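These notes are about the structure you will find just below.
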Amino acid sequence: SINTKELKSKGKIYSDKNVSLISNKIENNELTAKNLKIVTDNLNNNTKIATTANIDITAKNLVNKGMIYSTGKNDLKVTDLRNSGNILSVGNMNINHNKNLINSGKIQ
C-alpha cells in the first residue's frame, strides 16, 4: 500500500501481490501488480499500468499516453478521461462517472 500526497515515478514499481495506491497526484512510468486499486485526483500514465488480475481506478482526471492493461476486469471511475494510448482488458471493462472522454487511441 502506498499513501502519499504526490507520486512521481520515472522508474518501475512492481509487485506480484495486490497494490493500493492513494495519492492526490500520480505521474507514472511503469506500474505492475496482481490486483491494483488507485484513488487519485490526477493520474498521468506515460508508459504502462498492468495487472495479472483486476484494475480499479478512481480519478478526477486520467491522461493515458501509454497502456493500461488487465488480464481480469478494468473498472475505471473517471470524470475526465483523455486516452491517446491503449486501454485493454481481457475481462470486462467498465468506464463510468464520466463527463468527458477524449479517445485518440484504442479502448478494447
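Tabulated data for the structure shown
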read-out	value
Flag for Asn98 being touching a residue at least 12 places away in the same chain (Cβ under 8 Å) and out of contact with any Ser or Thr (no Cβ under 8 Å at 6 or more places or on another chain)	no
From Lys60, Lys12, residue being farther than 21 Å from His97 by Cβ and of a type in the set (Lys, Arg)	Lys12
Positions within segment 15-71 being touching a Lys or Arg at 6+ places or on another chain (Cβ under 8 Å) and among the small types (Gly, Ala, Ser), in sequence order	Ser15, Ser20, Ser23, Ala33, Ala53, Ala59, Gly66
Strands (runs of 3 or more DSSP E) (entirely within segment 52-108) containing at least 2 residues that are farther than 16 Å from Val39 by Cβ and among the hydrophobic types (A, V, I, L, M, F, W, C)	86-89, 93-96, 100-103
Selection status of Asn45, closer than 24 Å to Asn100 by Cα, free of Cβ contacts under 8 Å to residues at least 24 places away in the same chain and of a type outside the set (A, V, I, L, M)	no
Residues located in segment 1-59, provided they are among the hydrophobic types (A, V, I, L, M, F, W, C), modelled with pLDDT under 95 and surrounded by 18 or more Cβ atoms within 10 Å (Cβ to Cβ)	Leu7
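The values are calculated or read from the model by the stated rules, or taken from the named source; none is laboratory data. Predicted model only: the values in this text are computed from it and were never measured. Positions of Cβ are generated from backbone atoms using ideal geometry, with glycine treated the same way; all protein chains shown enter the neighbour counts.
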